[in-house]
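Chemist: Let me give you the structure first, and then I'll get to my questions.
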Amino acid sequence: MATKDITVRQAGERDLTELIRVAVPERSIRADLRAVSIVWRRELIRFRTDRLRAITSLVQPVLFLFVLGTGLSRLASRGLPAGVDFRTFIYPGVLAMSVLFTAIFSAASIVWDREFGFLREMLVAPVRRWAIVVGKCLGGATVATFQGLIFLALAGVAHVPYDPVLLLTLVAELLLLSFTLTAFGVMMAARIKQIQAFMALTQLFVLPLFFLSGALYPLNGLPAWLTVLTRVDPLTYVVDPMRHAVFAHLPFGQVLNRLSPGITWFGWPVPLGLSLALVAAMGLGMLGIAIAEFRKTE
(Lines give C-alpha, C1' and ligand atoms only; values in the text may rest on other atoms or scores of the structure.)
Protein backbone atom coordinates (compact mmCIF):
# COMPACT_ATOMS: atom_id res chain seq x y z
CA MET A 1 0.00 0.00 0.00
CA ALA A 2 2.84 2.41 0.85
CA THR A 3 4.61 1.56 -2.42
CA LYS A 4 1.40 2.34 -4.35
CA ASP A 5 1.06 5.71 -2.61
CA ILE A 6 4.66 6.62 -3.50
CA THR A 7 4.08 5.65 -7.13
CA VAL A 8 0.91 7.76 -7.30
CA ARG A 9 2.71 10.71 -5.67
CA GLN A 10 5.60 10.45 -8.17
CA ALA A 11 3.20 10.34 -11.07
CA GLY A 12 1.44 13.40 -9.72
CA GLU A 13 4.73 15.25 -9.38
CA ARG A 14 5.61 14.42 -13.00
CA ASP A 15 2.26 15.72 -14.17
CA LEU A 16 2.72 18.88 -12.10
CA THR A 17 6.20 19.37 -13.53
CA GLU A 18 4.82 19.12 -17.04
CA LEU A 19 2.17 21.73 -16.21
CA ILE A 20 4.54 24.20 -14.54
CA ARG A 21 7.18 25.51 -16.92
CA VAL A 22 9.45 28.49 -16.44
CA ALA A 23 8.94 30.85 -19.34
CA VAL A 24 12.15 32.74 -20.15
CA PRO A 25 11.64 35.32 -22.89
CA GLU A 26 13.98 35.04 -25.85
CA ARG A 27 16.52 37.77 -26.45
CA SER A 28 15.48 40.18 -29.17
CA ILE A 29 16.17 43.71 -30.34
CA ARG A 30 12.78 44.78 -29.00
CA ALA A 31 13.64 43.47 -25.52
CA ASP A 32 17.06 45.14 -25.67
CA LEU A 33 15.55 48.50 -26.63
CA ARG A 34 13.04 48.14 -23.81
CA ALA A 35 15.95 47.52 -21.42
CA VAL A 36 17.68 50.66 -22.71
CA SER A 37 14.51 52.64 -22.02
CA ILE A 38 14.14 51.21 -18.51
CA VAL A 39 17.74 51.96 -17.52
CA TRP A 40 17.42 55.45 -19.02
CA ARG A 41 14.23 56.15 -17.06
CA ARG A 42 15.82 54.82 -13.88
CA GLU A 43 18.55 57.45 -14.18
CA LEU A 44 15.97 60.19 -14.63
CA ILE A 45 13.98 59.02 -11.61
CA ARG A 46 17.09 58.92 -9.44
CA PHE A 47 18.02 62.44 -10.49
CA ARG A 48 14.50 63.75 -9.90
CA THR A 49 14.35 62.33 -6.38
CA ASP A 50 17.84 63.52 -5.44
CA ARG A 51 17.43 67.30 -5.31
CA LEU A 52 20.54 67.77 -3.20
CA ARG A 53 22.62 66.28 -6.03
CA ALA A 54 21.18 68.74 -8.52
CA ILE A 55 21.87 71.71 -6.26
CA THR A 56 25.41 70.76 -5.26
CA SER A 57 26.39 70.05 -8.88
CA LEU A 58 25.64 73.68 -9.71
CA VAL A 59 27.58 75.19 -6.81
CA GLN A 60 31.05 74.78 -8.30
CA PRO A 61 30.25 76.23 -11.77
CA VAL A 62 28.48 79.18 -10.14
CA LEU A 63 31.50 79.81 -7.92
CA PHE A 64 33.83 79.71 -10.91
CA LEU A 65 31.65 82.10 -12.92
CA PHE A 66 30.85 84.66 -10.23
CA VAL A 67 33.67 84.39 -7.68
CA LEU A 68 36.61 83.49 -9.90
CA GLY A 69 35.29 85.46 -12.85
CA THR A 70 34.80 88.57 -10.75
CA GLY A 71 38.00 88.15 -8.76
CA LEU A 72 40.20 87.79 -11.83
CA SER A 73 38.37 90.37 -13.93
CA ARG A 74 40.74 93.21 -12.99
CA LEU A 75 43.81 91.13 -13.70
CA ALA A 76 42.42 89.79 -16.97
CA SER A 77 41.02 93.13 -18.11
CA ARG A 78 44.50 94.16 -19.27
CA GLY A 79 44.32 91.67 -22.11
CA LEU A 80 40.64 92.14 -22.93
CA PRO A 81 39.08 94.85 -25.09
CA ALA A 82 37.43 97.77 -23.31
CA GLY A 83 33.95 96.95 -22.09
CA VAL A 84 34.42 93.17 -22.28
CA ASP A 85 33.66 91.23 -19.12
CA PHE A 86 36.01 88.38 -18.20
CA ARG A 87 32.96 86.33 -17.25
CA THR A 88 31.86 86.45 -20.88
CA PHE A 89 35.15 84.90 -21.92
CA ILE A 90 35.06 82.04 -19.40
CA TYR A 91 31.31 81.36 -19.66
CA PRO A 92 31.59 78.65 -22.39
CA GLY A 93 34.22 76.79 -20.37
CA VAL A 94 32.25 77.00 -17.13
CA LEU A 95 29.14 75.87 -19.02
CA ALA A 96 31.04 72.74 -20.06
CA MET A 97 32.11 72.33 -16.45
CA SER A 98 28.45 72.31 -15.36
CA VAL A 99 27.97 68.95 -17.11
CA LEU A 100 31.45 67.56 -16.43
CA PHE A 101 30.91 66.46 -12.83
CA THR A 102 27.32 65.32 -13.31
CA ALA A 103 28.13 63.19 -16.36
CA ILE A 104 31.13 61.38 -14.88
CA PHE A 105 29.70 60.92 -11.39
CA SER A 106 26.46 59.50 -12.80
CA ALA A 107 28.48 56.37 -13.56
CA ALA A 108 29.17 55.98 -9.85
CA SER A 109 25.81 54.25 -9.45
CA ILE A 110 27.25 51.28 -11.37
CA VAL A 111 29.83 50.73 -8.65
CA TRP A 112 27.16 51.31 -6.01
CA ASP A 113 24.87 48.73 -7.64
CA ARG A 114 27.75 46.26 -7.82
CA GLU A 115 28.49 46.62 -4.11
CA PHE A 116 24.85 45.94 -3.14
CA GLY A 117 24.25 43.15 -5.65
CA PHE A 118 21.72 44.97 -7.83
CA LEU A 119 24.05 44.99 -10.82
CA ARG A 120 24.20 41.19 -10.81
CA GLU A 121 20.42 41.06 -11.05
CA MET A 122 20.57 43.38 -14.05
CA LEU A 123 23.27 41.32 -15.76
CA VAL A 124 21.33 38.05 -15.48
CA ALA A 125 18.29 39.60 -17.15
CA PRO A 126 17.46 38.09 -20.58
CA VAL A 127 18.83 41.10 -22.46
CA ARG A 128 22.18 41.78 -24.05
CA ARG A 129 24.60 43.63 -21.84
CA TRP A 130 25.18 46.39 -24.37
CA ALA A 131 21.60 47.52 -23.70
CA ILE A 132 22.43 48.19 -20.04
CA VAL A 133 25.55 50.18 -20.96
CA VAL A 134 23.78 52.21 -23.65
CA GLY A 135 20.85 52.95 -21.36
CA LYS A 136 23.25 54.07 -18.65
CA CYS A 137 25.14 56.38 -21.00
CA LEU A 138 21.95 57.88 -22.43
CA GLY A 139 20.53 58.39 -18.96
CA GLY A 140 23.68 60.07 -17.68
CA ALA A 141 23.88 62.25 -20.79
CA THR A 142 20.26 63.34 -20.39
CA VAL A 143 20.70 64.21 -16.72
CA ALA A 144 23.94 66.10 -17.34
CA THR A 145 22.42 68.03 -20.26
CA PHE A 146 19.47 69.01 -18.10
CA GLN A 147 21.95 70.24 -15.50
CA GLY A 148 23.64 72.29 -18.21
CA LEU A 149 20.29 73.79 -19.22
CA ILE A 150 19.86 75.14 -15.71
CA PHE A 151 23.24 76.84 -15.91
CA LEU A 152 22.47 78.00 -19.45
CA ALA A 153 19.67 80.08 -17.97
CA LEU A 154 22.37 82.24 -16.35
CA ALA A 155 23.80 83.27 -19.72
CA GLY A 156 22.49 86.82 -19.37
CA VAL A 157 24.54 87.35 -16.22
CA ALA A 158 27.69 86.77 -18.30
CA HIS A 159 26.37 89.14 -21.01
CA VAL A 160 25.67 86.25 -23.39
CA PRO A 161 22.51 86.83 -25.48
CA TYR A 162 19.54 84.48 -25.37
CA ASP A 163 19.61 83.93 -29.11
CA PRO A 164 17.57 80.84 -30.17
CA VAL A 165 20.21 79.67 -32.66
CA LEU A 166 22.96 80.09 -30.07
CA LEU A 167 20.98 78.27 -27.39
CA LEU A 168 20.19 75.33 -29.69
CA THR A 169 23.84 75.10 -30.73
CA LEU A 170 25.03 75.08 -27.12
CA VAL A 171 22.44 72.47 -26.12
CA ALA A 172 23.55 70.15 -28.94
CA GLU A 173 27.19 70.54 -27.95
CA LEU A 174 26.33 69.97 -24.29
CA LEU A 175 24.51 66.76 -25.20
CA LEU A 176 27.52 65.50 -27.17
CA LEU A 177 29.87 66.37 -24.33
CA SER A 178 27.60 64.77 -21.73
CA PHE A 179 27.41 61.52 -23.68
CA THR A 180 31.19 61.33 -24.11
CA LEU A 181 31.90 62.08 -20.46
CA THR A 182 29.27 59.58 -19.27
CA ALA A 183 30.80 56.91 -21.53
CA PHE A 184 34.17 57.75 -19.98
CA GLY A 185 32.75 57.31 -16.48
CA VAL A 186 30.99 54.04 -17.35
CA MET A 187 34.21 52.73 -18.92
CA MET A 188 36.07 53.38 -15.66
CA ALA A 189 33.27 51.97 -13.49
CA ALA A 190 33.01 48.74 -15.48
CA ARG A 191 35.76 46.99 -13.48
CA ILE A 192 35.88 49.00 -10.24
CA LYS A 193 34.31 47.26 -7.24
CA GLN A 194 34.45 49.94 -4.52
CA ILE A 195 32.84 53.37 -4.62
CA GLN A 196 35.82 54.91 -2.80
CA ALA A 197 38.20 53.79 -5.55
CA PHE A 198 35.92 55.20 -8.24
CA MET A 199 35.59 58.59 -6.54
CA ALA A 200 39.36 58.83 -6.09
CA LEU A 201 39.97 57.91 -9.73
CA THR A 202 37.46 60.42 -11.06
CA GLN A 203 38.89 63.19 -8.91
CA LEU A 204 42.24 62.39 -10.49
CA PHE A 205 40.84 63.06 -13.98
CA VAL A 206 38.06 65.65 -13.56
CA LEU A 207 40.03 68.76 -12.60
CA PRO A 208 42.87 68.17 -15.09
CA LEU A 209 40.27 67.73 -17.86
CA PHE A 210 38.76 71.08 -16.96
CA PHE A 211 41.93 73.12 -16.46
CA LEU A 212 43.63 71.74 -19.61
CA SER A 213 40.62 72.49 -21.83
CA GLY A 214 41.34 76.20 -22.12
CA ALA A 215 38.17 77.05 -20.24
CA LEU A 216 39.86 79.84 -18.27
CA TYR A 217 42.58 80.98 -20.68
CA PRO A 218 43.28 81.22 -24.45
CA LEU A 219 44.92 78.27 -26.17
CA ASN A 220 47.42 80.37 -28.10
CA GLY A 221 50.80 81.46 -26.81
CA LEU A 222 51.18 78.51 -24.41
CA PRO A 223 54.44 76.64 -23.70
CA ALA A 224 55.06 73.61 -25.92
CA TRP A 225 54.45 71.05 -23.16
CA LEU A 226 51.17 72.69 -22.13
CA THR A 227 50.06 72.95 -25.75
CA VAL A 228 50.48 69.18 -26.15
CA LEU A 229 48.44 68.49 -23.01
CA THR A 230 45.60 70.75 -24.12
CA ARG A 231 45.45 69.00 -27.51
CA VAL A 232 45.01 65.54 -25.98
CA ASP A 233 42.23 66.73 -23.67
CA PRO A 234 38.83 65.76 -25.17
CA LEU A 235 37.15 68.63 -23.35
CA THR A 236 39.20 71.09 -25.41
CA TYR A 237 37.40 70.05 -28.59
CA VAL A 238 34.04 71.04 -27.13
CA VAL A 239 34.99 74.19 -25.23
CA ASP A 240 36.46 75.77 -28.36
CA PRO A 241 33.33 75.28 -30.55
CA MET A 242 31.14 76.50 -27.68
CA ARG A 243 33.30 79.61 -27.29
CA HIS A 244 33.21 80.18 -31.06
CA ALA A 245 29.40 79.93 -31.05
CA VAL A 246 29.12 82.45 -28.19
CA PHE A 247 31.57 84.91 -29.75
CA ALA A 248 29.77 84.73 -33.09
CA HIS A 249 26.66 86.22 -31.43
CA LEU A 250 28.47 89.06 -29.66
CA PRO A 251 29.11 92.52 -31.14
CA PHE A 252 32.79 92.30 -30.17
CA GLY A 253 33.17 88.64 -31.10
CA GLN A 254 35.82 89.30 -33.75
CA VAL A 255 38.00 91.03 -31.16
CA LEU A 256 37.67 88.12 -28.75
CA ASN A 257 38.52 85.63 -31.48
CA ARG A 258 41.98 87.19 -31.62
CA LEU A 259 42.47 86.16 -27.99
CA SER A 260 41.30 82.60 -28.65
CA PRO A 261 41.82 81.79 -32.35
CA GLY A 262 40.96 78.12 -31.91
CA ILE A 263 42.68 74.74 -31.88
CA THR A 264 45.66 74.17 -34.14
CA TRP A 265 47.71 71.09 -34.96
CA PHE A 266 51.26 72.13 -35.88
CA GLY A 267 49.94 75.43 -37.17
CA TRP A 268 46.93 73.93 -39.01
CA PRO A 269 43.58 75.25 -37.67
CA VAL A 270 41.24 72.40 -36.80
CA PRO A 271 37.73 72.92 -38.26
CA LEU A 272 34.89 73.06 -35.75
CA GLY A 273 33.13 70.12 -37.39
CA LEU A 274 36.23 67.97 -37.07
CA SER A 275 36.56 68.94 -33.38
CA LEU A 276 33.02 67.80 -32.63
CA ALA A 277 33.49 64.67 -34.75
CA LEU A 278 36.55 63.77 -32.66
CA VAL A 279 34.53 64.14 -29.47
CA ALA A 280 31.79 61.90 -30.90
CA ALA A 281 34.38 59.32 -32.01
CA MET A 282 35.98 59.30 -28.55
CA GLY A 283 32.56 58.85 -26.94
CA LEU A 284 31.68 55.92 -29.21
CA GLY A 285 35.11 54.39 -28.65
CA MET A 286 34.79 54.55 -24.87
CA LEU A 287 31.25 53.18 -25.15
CA GLY A 288 32.62 50.21 -27.08
CA ILE A 289 35.29 49.60 -24.44
CA ALA A 290 32.66 49.80 -21.67
CA ILE A 291 30.48 47.24 -23.48
CA ALA A 292 33.46 44.89 -23.91
CA GLU A 293 34.30 45.22 -20.20
CA PHE A 294 30.72 44.48 -19.18
CA ARG A 295 30.75 41.30 -21.24
CA LYS A 296 33.65 40.09 -19.10
CA THR A 297 31.86 40.98 -15.84
CA GLU A 298 30.50 38.00 -13.94
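The values are calculated or read from the model by the stated rules, or taken from the named source; none is laboratory data. Given the structure is predicted, the values throughout are model-derived calculations rather than measurements. Cβ atoms come from the backbone with ideal geometry, glycine included; neighbour counts cover every protein chain shown. Just the protein is used for accessible areas: all its heavy atoms, side chains included, with ligands, DNA and RNA removed. Shrake-Rupley method; radii C 1.70, N 1.55, O 1.52, S 1.80 Å.
Chemist: Using only the Cα atoms of the stretch 188-298, each taken as one equal point scatterer with no solvent, compute I(q) by the Debye sum, divide by I(0), and report log10 of the ratio at q = 0.16 Å⁻¹.
Modeler: Debye output, listed in q order: -0.83.
Chemist: Follow-up. Given the stretch 170-218, what whole percent of its Cα pairs are spread farther than 12 Å?
Modeler: Working: 829 of 1176 pairs.
Here the tail beyond 12 Å accounts for 70 percent of pairs.
Chemist: While we're looking at this one, here's another question. Sorting W265, W112, W225 by accessible area (1.4 Å probe), largest first, what list results? Intermediate values should be presented prior to the final figure.
Modeler: Working: W265 85, W112 120, W225 165 Å².
Reading off the accessible areas and sorting them downward yields W225, W112, W265.
Chemist: Among 38-48, 284-294, 267-277, how do they line up from the highest to the lowest mean number of other beta-carbon atoms within 10 Å?
Modeler: On the way: 38-48: 15.9, 284-294: 18.6, 267-277: 13.1.
In descending order of packing, they fall as 284-294, 38-48, 267-277.
Chemist: Report the FRET efficiency, 1/(1 + (r/R0)^6), for L175 and W265, where r is their Cβ-Cβ distance and R0 is 22 Å, rounded to 0.05. It would help to have the intermediate numbers written out before the result.
Modeler: Values: r = 26 Å, r/R0 = 1.17.
With R0 = 22 Å, the Cβ-Cβ based efficiency is 0.30.
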